[in-house]
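To start, the structure itself, in structure tokens.
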Amino acid sequence: MSGGRGGSAVSDGVQRVPCRTSAHRSSACGAGTCGSRVRGSDRAQQGSITAEVAVVLPALVLLLALLLGTAHVGTVQLRLEEAARAGAREVMRGESNASVEQTVQRLAGRGASARVVSGSGWATVEVRSRVEGPFVELMGIELHASASGREEHHG
């Protein structure tokens with residue numbers, strides 16, 4: 001067994017850890033090694049931490065995908081609501097259904113469809129769209145929004 005300042009002494013599979021502070025390097029600690037030891041079980045514990053991370057990592061990735069998918073669905077819903085409001089404003093001003101459809105598709109996306117219902121001086125625009133995107137598209141989610149307003153009378 002040899003021990004030098006900053007070195008390590010190994011005996012019977014036990015490794016002594018070199019001292020890090022000047023107080024431990026005094027003669028009370030011996031030749032630069034402290035009383036703390038690193039055993040083989042400590043090295044095995046490091047391997048088990050790696051295995052635990054490998055098990056937990058897919059769950060964390062799945063959770064992140066779920067959060068991003070939920071945020072995407074919320075964003076699509078907001079776009080549909082804005083498209084329905086804009087379409088209802090156009091109908092109230094007397095614009096054609098083709099113009100309303102173009103506005104809805106511009107704001108909500110090409111996959112969105114608009115339906116205009118008029119009666120008793122009120123107009124309602126209903127907008128529907130399927131959610132597109134990675135993983136979310138597999139669930140087949142269809143969102144809808146509607147907006148109503150009083151039609152303006154010209155003349």
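Per the listing Val73, Val104, Val91, the residue uniquely under 25 Å from the mean Cα position of the chain (by Cα) and at pLDDT 90 or above is Val73.
Glu152 meets each of the listed conditions (1) crowded, with 18+ Cβ neighbours inside 10 Å; (2) modelled with pLDDT under 90 apart from (1).
When the residues of segment 80-98 are narrowed to those that are in a helix (DSSP H, G or I) and free of Cβ contacts under 8 Å to residues at least 40 places away in the same chain, which ends up surrounded by the most Cβ atoms within 10 Å (Cβ to Cβ)?
Selected residue: Glu90.
Filtering segment 96-155 to residues that are aromatic (Phe, Trp, Tyr) and under 21 Å from Leu68 (Cα atoms) leaves only Phe135. Number of residues in segment 99-147 that are acidic (Asp, Glu) and surrounded by 14 or more Cβ atoms within 10 Å (Cβ to Cβ): the value is 2. The set of residues in segment 99-147 that are without any contact (Cβ under 8 Å) to a residue 24 or more places away in the chain, part of a loop (DSSP other than H, G, I, E, B) and touching a strand residue (DSSP E or B) at 6+ places or on another chain (Cβ under 8 Å) comprises Gly111, Gly140.
The values are calculated or read from the model by the stated rules, or taken from the named source; none is laboratory data. This structure is a prediction, so every number in the text was calculated from the model and none was measured. For neighbour counting, all protein chains shown are included, and Cβ atoms are generated from backbone atoms with ideal geometry for every residue, glycine included.
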